[in-house]
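Student: Structure in structure tokens, see below.
FYI, it's all coordinate maths here, none of it is from the lab. This structure is a prediction, so every number in the text was calculated from the model and none was measured. Neighbour counts run over all protein chains shown; Cβ positions are idealised from the backbone, glycine included.
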Amino acid sequence: AGLALADELQNRAEMGVQIVGFVDADSRIGRSDTSLPFLGTIDDIPSLVRARSIDRVVVSLADARGKLPMDKLLEMKLDGVSFDHLTSVYEEYTGKIAVENLRPSWLIFSPGFRKTRRLLFIKRLFDIVGAGIGLALTAPIVFLLAIVVKLTSPGPAFYSQRRVGRDGRVFVVRKLRSMCANAERDTGPVWTKSTGDARITRVGRFMRRTRLDELPQFWNILAGHMSLVGPRPERPEFVESLMVQIPFYGQRHVVKPGLTGWAQVRYTYGATIEDAVEKLQYDLFYIKNMSIALDLFIAFETVKTVLLRRGQ
């Protein structure tokens, strides 16, 4: 798991980080699952640091637990060498938290994940003001789109859907209908395909691309079910399965879901388990670093996405 994350960091040249190589507890020379050079064993770390002028040693505790020569590493630490947890370095350079290399101890002792009363009060005030302005500005657009939806495909202009909110509570969202009526009558709940989903109407495809179908959710924000910014709410049928398959998936429900979120501005639409893992990593980063400044940045990036029609 640690090598996979290191490979991802290595492939991001824009980060300005040079990864010299990796060490392993075993004396194997080379590994087929990584492009990084094998430098030696864990016992070789002190000599490697001196010989290669390495200023930062990144440790994957998940892979090296119980194998580290702590006395030697402590000497190096006192000599000025910086040691970091791989999860923290990965977060620093990618804006997401790697769940496959995550341990509960890191969540417990890591800085962040603090939801003060002051922050929650300001965030709620921000939600009320933002949703009120949003409703006032978008009401004519929603009205016109509802007419277009009604005229271009049989069925109601709006539809309701159950979603999972804060602390696992289920609520109902209202959206402009982007699919044909009774789209899941024969299949039951299924993820929407990112491309080529025959259930999506022509108008619905435009609304999804610009996220205009989400506008009625300003009402959910005013009602307190949602926030302007937070992890996107998922359907209960999918949450039940995802919580079994993905570690720490339930942690995304410690805050209110959002109309938009960090995952939405950093990751493209996806409808697979792998996509759910990727989005969760961004959601955990948001929850850890939640602030009004970050909310404002995400809101700004969302407006850019809508205007440039990059949404899904």
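Student: For the chain, what is the relative contact order in percent, using Cα pairs closer than 8 Å and at least 6 residues apart in sequence?
Tutor: 16 percent
Student: List the trypsin sites (Lys or Arg not before Pro) within region 217-309 that DSSP assigns to loop and that have no more than 13 neighbouring Cβ atoms inside 10 Å. Write out the running numbers ahead of the final one.
Tutor: Details: sites: Arg252, Arg266, Lys279, Lys288, Lys304, Arg309; in loops: Arg309.
Taking region 217-309 and a limit of 13 other Cβ atoms within 10 Å, the loop trypsin sites (Lys or Arg not before Pro) found are Arg309.
Student: Taking only C-alpha pairs under 8 Å that are 6+ residues apart, what is the relative contact order of region 213-312 in percent?
Tutor: Rounded, it is 30 percent for region 213-312.
Student: If you average the sequence gap of Cα pairs under 8 Å that are 6 or more apart and divide by the length of region 108-181, what percent do you get for the contact order? Let's see the in-between values first.
Tutor: On the way: 47 pairs, mean separation 16.3, N = 74.
In percent, rounded to a whole number, it is 22.
Student: Quick one: the Cα spread of region 209-302 along its three principal axes, in angstroms, biggest first?
Tutor: The principal-axis extents, from largest down, are 32, 26, 26 Å.
Student: Region 256-295: which chymotrypsin sites (Phe, Trp or Tyr not before Pro) are DSSP loop and have at most 12 other beta-carbon atoms within 10 angstrom?
Tutor: none
Student: Can I ask one more? Using 20 Å as the cut-off for backbone N distance, which residues of region 160-176 belong to the label zone defined by a point 7 Å from the Cα of Arg124 along Cα→Cβ?
Tutor: From region 160-176, the list is 165-172.
Student: Right, something else. Measure off 7 Å from each Cα along the Cα-to-Cβ vector at Leu294 and Asp44, then give the distance between these two points in nanometres to one decimal.
Tutor: 3.9 nm
Student: What is the extension gain from Phe158 to Ala271, computed as 0.36 nm multiplied by their sequence separation minus the C-alpha to C-alpha distance, in nm to one decimal?
Tutor: Result: 38.4 nm gained on full extension.
Student: Scaled to the compact-protein estimate 2.2 N^0.38 Å, what is the alpha-carbon radius of gyration of region 213-260, rounded to two decimal places?
Tutor: Taking N as the residue count of region 213-260, the ratio is 1.22.
Student: Can you compute the equivalent ellipsoid semi-axes for the chain, i.e. the square root of 5 times each eigenvalue of the Cα gyration tensor, sorted largest first and rounded to whole Å? If you can, show how the numbers build up before the last one.
Tutor: Values: eigenvalues 388, 89, 57 Å².
Values for the chain, descending: 44, 21, 17 Å.
Student: Okay, next question. Placing unit charges on C-beta atoms (Lys and Arg positive, Asp and Glu negative, everything else neutral), compute the dipole magnitude of the chain about its Cα centre in debye, rounded to 20. If you can, show how the numbers build up before the last one.
Tutor: Working: 44 positive and 33 negative charges, 352 e Å.
With only Lys, Arg, Asp and Glu charged at Cβ, the dipole is about 1700 debye.
Student: Ok, one more. Sort out for me the Cα centre separation of region 108-145 from region 239-312, rounded to whole Å.
Tutor: With region 108-145 and region 239-312 each reduced to a Cα centre, they are spaced 15 Å.
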